[in-house]
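Beneath this line is the structure, given in structure tokens, with notes to follow.
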Amino acid sequence: MDFSLTDEERAVRDTVRSFIRREVMPLEAEVLRRERAHQPGLDHSEVRELQLKARKFGFWGLATPEEYGGMNLPAVLQSLIWTELGHTFVPFRFGGEADNILFHATEEQKQEFLIPTIEGERRSCFAITEPGAGSDAANIRLSARRDGDDWILDGEKTFITGGHDADFAIVVAVTDREKGARNGGATAFLVDRSMGWRSEFIQTMGEGGPASLIFDGVRVPHRNILGEIGQGFTLGMEWIGKGRYTIPSHAIGIAERVLQMAIDYANTRETFGAKIGTNQAIQWMIADSETELEAARWLVLRSAWTVDQGLDPRHASSMGKLYGAGMVNRVVDRVLQIHGGMGYTRELPIERWYRQVRLYRIFEGTDEMQRLIISRDLLRGYTKIGGHLA
Ligand SMILES: Cc1cc2nc3c(=O)[nH]c(=O)nc-3n(C[C@H](O)[C@H](O)[C@H](O)COP(=O)(O)OP(=O)(O)OC[C@H]3O[C@@H](n4cnc5c(N)ncnc54)[C@H](O)[C@@H]3O)c2cc1C
């Protein structure tokens, strides 16, 4: 058994690490200042400028196939990169990416939606959740009714990331109520904002926020169906599947950064004539955090490795998402505690991370849904305990 990274993995990670340290972290003070003034941390042109700088180092389209100018990196490498991105709260992502399911587009759709998204000229959002259907995504109601060469969309989506800025939405709609969404009754549509949907921004406890999308008789041409009629639910699950290892990979990076802050603070802050790090109460919080962080690292790297092996990653990635999201919440909470009153202030970014990571237990499958998947796999015998080592 070999737990070390390959030379290539280490080289890629180190290049990303130095890019983040040199180009992104110096923006942290300004990002905090703007967010405190209720402005976006970075505007789109600033993110784009950074993305183009990263492109010069070859970092463009981590998950994008080479034929579209991307790097098509293995999932393990992508996971390592997401961890590096987690070291800063500056809202930066590498460019050259598109929603994984957009690669199911037809040639014509690729020109109109996929390529401009990869190039950063158009912004997308993915919409399955509705006011009455989140965890129970098969219960969606937004309907698409055939009318000649068009479809008419009616209904509402909610909590859609990027929904207030997007130029187009990938919308999963009910096309056959009898069949039900899970059994071929849902279809994905590529819907330009210019076709008539509108968005309403939703305030959250985090910075930025998702949006509700309202479809009131929106007419969409038949050629804008993504994939096949009836394939919408499967595409939706494919889209969500991607986040099952990228979200906890990001969580690991956040936990690494804040834990180091706690260690530095414990080694400098004095009470009762001694460094607070000399107290067992503080030492145990540091020890528990490091242990959980390491456990999350291997769960998540194994789930990414499972993807690279072409195996079904569902069980492993549900465990990684469940544990990684919980771990980062516990670690940030302890780090805030170690910082005492300072941890609670807005002079430090800890309270910002505290608010940010709360989402990780909710979106792209709540903790409870991950537990449902993990236990169902075992109860129905799809997976055996430790079966991956058989
Ligand atoms: C900031 C943000 C961004 C998001 N981005 C997107 C996006 O881009 N696109 C998109 O389509 N959606 C998005 N979502 C939606 C997100 O995926 C849902 O919020 C999530 O799946 C939970 O659904 P819900 O909020 O309807 O909660 P519900 O499904 O109503 O669940 C409420 C609670 O009950 C629990 N629960 C539900 N069913 C069971 C059960 N059977 N057993 C035990 N517990 C259960 C849940 O775990 C949860 O704790 C986003 C949400 C947020 C907050």
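Read the figures in this text as sums done on the coordinates, not as results from a lab. This one's a predicted model, so the numbers in the text were calculated from it and none came from an experiment. Glycine gets a Cβ as well: all are built from the backbone with ideal geometry, and neighbour counts include every protein chain shown.
Tabulated results
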| item | result |
| --- | --- |
| Percent antiparallel among DSSP beta bridges (both partners in the chain, rounded to 5) | 85 percent |
| The chain, dipole about Cα centre (Lys/Arg Cβ +1, Asp/Glu Cβ -1), debye to the nearest 20 | 820 debye |
| Loop-located GluC sites (Glu not before Pro) in the range 279-354 whose Cβ has at most 12 other Cβ within 10 Å (DSSP) | Glu347 |
| Those chymotrypsin sites (Phe, Trp or Tyr not before Pro) in the range 29-61 that DSSP places in a loop and that have at most 13 other beta carbons within 10 Å | Phe57 |
| Fraction of alpha-carbon pairs over 36 Å apart in the chain - percent | 26 percent |
| CD proxy at 222 nm, helix term only [per DSSP H run n ≥ 4: -39500 (n - 2.57); per residue of the chain; nearest 500] | -14000 deg cm²/dmol |
| Between the range 282-300 and the range 128-169, the alpha-carbon center distance in angstrom | 40 Å |
| Extension gain from Trp298 to Leu311, taking 0.36 nm per residue of separation minus the Cα-Cα distance | 3.0 nm |
| Degrees, to the nearest 10: 280-308 long Cα axis against longest axis of the chain | 30 degrees |
| FRET efficiency, Phe363 to Thr268 (Cβ-Cβ, R0 45 Å, nearest 0.05) | 0.80 |
| For the range 1-78 versus the range 309-380, the gap between their alpha-carbon centres in whole angstrom | 22 Å |
| Where labels lie 7 Å past Cα in the beta-carbon direction, separation of Gln203 and Glu66 in nm | 5.0 nm |
| Residue list for the range 161-189, given a label point 7 angstrom along the Cα-to-Cβ vector of His44 and an amide N cut-off under 15 Å | 162-169 |
| Charge dipole (debye, nearest 20) of the range 7-100; +1 at Cβ of Lys and Arg, -1 at Cβ of Asp and Glu | 380 debye |
| Signed unit charges on C-beta, dipole axis of the range 243-380, positive-most listed residue Thr291, Thr246, Leu336 | Thr246 |
| Share of alpha-carbon pairs per 10 Å distance bin for the range 243-380, given as whole % | 13, 38, 28, 15, 5, 1 |
| Cα-based reach from Lys56 at 28 Å (exclusive), listing lysines while leaving out same-chain residues under 8 positions away | Lys110, Lys242 |
